[in-house]
Amino acid sequence: MRIRATVAAASGALALTALAVPAAQATDVGIHKTTAAERFGHSRSTMSAAADDELPVVSDVKVNGGKAIVAGYTGSKTYTVSLTASHSANIEDAYVDLWHGRDRAHVDGVFGPNEEAATCTAVTTTTSTCKLTITVDAGRYLYMNSLAGTWHVTAGAIAADEAGSIYWNDLYGTHRVQRLSQLTANAAPEPVKKGKTITVTGKLTRANWETRKFAGYSTQPVQLQFRKKDSDTYATVKTVKTNNKGDLKTTVKATVDGFFRWSFAGTSTTPAVNAAGDFIDVR
């Protein structure tokens, strides 16, 4: 019996799919021991095997290989999610999703797996690695900027025993979903005489999921960096904050041929980004 069918039968609900704005869901989160046959009053109850039964043990839950999910304001992208689970009878199926909200009664975003069942590969006679995929459709499901940041990760596994023992945890971990960032750089004039002043400008923007366009990211510290023509390494020259439109501007003295770029370290809602280096010819 697959984990979705088992959970749905036990809960009397069919809510284990990706929803844009789910209805109010269960407030009982954590790990509880119960039988898979017991009927739950909420769609996402956390459950496992009976109190006297062996529980599947879940570990190494990964979303996108541990890297943040970064989305623009349109288009979709599919990511791999996986976990490792163990049981004396090994593992039949697994489940991973991402959800956003204060708790299960206040959920405003969910990304569930595309597959009806996970692909589980036995590593030993008791342990399997299970993989699924989730698709993040930015144009459809990322509809407000407050969805950027920390999302909860649900993890579940069902054992291949006769009882169909289940591990289920709506609060297994967290993962970041971020707004795509862009950064430009321009150094002028070019060419320039040695010792003269160079003006370096740029702009830091990020996807706005509400207006469906890129918008300036204001009051953010951004590093101006320089590398010599014959070097592969950038060094920080100074740090400048973006204005209320995301614009950057500063001046430096021309010394040698090389490349100027802006470098943004990122925030919890917006990933780090480097501008392409702009070459300056010093004569």
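Per 0.36 nm of contour for each residue apart, how much would the distance between K238 and S76 grow if the chain were fully extended, relative to their Cα-Cα spacing?
54.6 nm
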*Below 21 Å Cα-Cα, how many Lys pairs turn up in the range 111-232? Only count pairs eight or more apart in sequence, or on different chains, if you could.*
7
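Can you give me the Rg/Rh ratio for the range 167-211, using Cα atoms for both radii and the Kirkwood formula for Rh?
Rg/Rh for the range 167-211 comes to 1.41.
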*Taking all protein chains as present, what is the carbon and sulfur share of the accessible area of the range 61-154, in % to the nearest whole number, probe 1.4 Å?*
48 percent
*Return the long-range amide H neighbours of F214 (sequence gap of 5 or more, or a different chain), with a cut-off of under 5 Å between placed amide H atoms.*
N208
_Exposure of V237 as accessible area (Å², to 10), given a probe of 1.4 Å and all protein chains_ = 70 Å²
_Three semi-axes of the equivalent ellipsoid, the range 138-283, Cα gyration tensor, whole Å, largest first_ = 44, 18, 11
*Length added when fully stretched, S218-K193, from 0.36 nm per residue minus Cα-Cα*: 5.7 nm
*Search the structure for amide H atoms under 5 Å from the amide H of A117, placed 1.01 Å from N in the peptide plane, and list their residues when 5 or more places away or on another chain.*
none
*Quick one: what Rg and Dmax do you get for the range 156-234 from the alpha carbons, in Å?*
24.5, 81
*Quickly work out the A163-to-R140 label distance, labels modelled 7 Å from Cα along the C-beta direction, and quote it in nm with one decimal.*
3.9 nm
_If amide hydrogens are placed 1.01 Å from N in the peptide plane, which non-local residues have theirs closer than 5 Å to the one on A105?_
Q25
*Can you work out ³J(HN,Hα) from phi for every residue in the range 250-265, in order, using Karplus 6.51 cos²θ - 1.76 cosθ + 1.60 and θ = phi - 60°, giving whole Hz and x for Gly and Pro?*
7, 10, 9, 8, 6, 10, 9, 4, x, 10, 9, 8, 9, 9, 10, 7
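The values are calculated or read from the model by the stated rules, or taken from the named source; none is laboratory data. Note that this is a predicted model, so its numbers are computed, not measured. Cβ atoms come from the backbone with ideal geometry, glycine included; neighbour counts cover every protein chain shown. Please note that ligands, DNA and RNA were not included when accessible areas were found on the heavy atoms of the full protein model with its side chains. Shrake-Rupley method; radii C 1.70, N 1.55, O 1.52, S 1.80 Å.
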